[in-house]
Amino acid sequence: MLVEATEMWFLRRMLRIPWIAKKTNERVLNEANKRRSLVRTIRKRQTTFLGHVMRGGKLEHLVTTGKFEGKRSRGRQREKIMDGLATWLGPRKVSDILAAVKERDLWRDMIANAYKQGT
């Protein structure tokens, strides 16, 4: 995944590890005393933004749920934001997530549990 590669590139630059050192990503993470966190941070921000947008119920609601009329574009379908969040929040359906967004306390608990479990 591109995000994970970018995160590792940043760590290798900060630790000044040359590319010829042939160190594994796990070893670099151990040297830095870090865990992969960039993906988790992005997902958490996506979920908080999604909760904000879904409670508003305007144009952004249509964009994030992907409900537009017209033809689909050719080629492979792009992954929707909702599908990515559904897999991150656990084996849930998109309809369950949209229902949970309306209840702020339930939504915050779902995000907190997913964030603790990691990606």
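The values are calculated or read from the model by the stated rules, or taken from the named source; none is laboratory data. Keep in mind it's a predicted model, so treat the numbers as computed, not measured. With ideal geometry, Cβ positions are generated from the backbone for all residues, glycine too; neighbour counts draw on all protein chains shown.
So, residue 31, is that one surrounded by fewer than 16 Cβ atoms within 10 Å (Cβ to Cβ), in contact with a helix residue (DSSP H, G or I) (Cβ under 8 Å, 6 or more places away or on another chain) and at pLDDT 85 or above or not? Here the answer is yes, as residue 31 does meet what is asked. Here's a check for you: in region 88-110, which residue that is modelled with pLDDT of 80 or more and within 15 Å of the chain's Cα centre (by Cα) is farthest from residue 36 (Cα to Cα)? Among them, the one singled out is 97.
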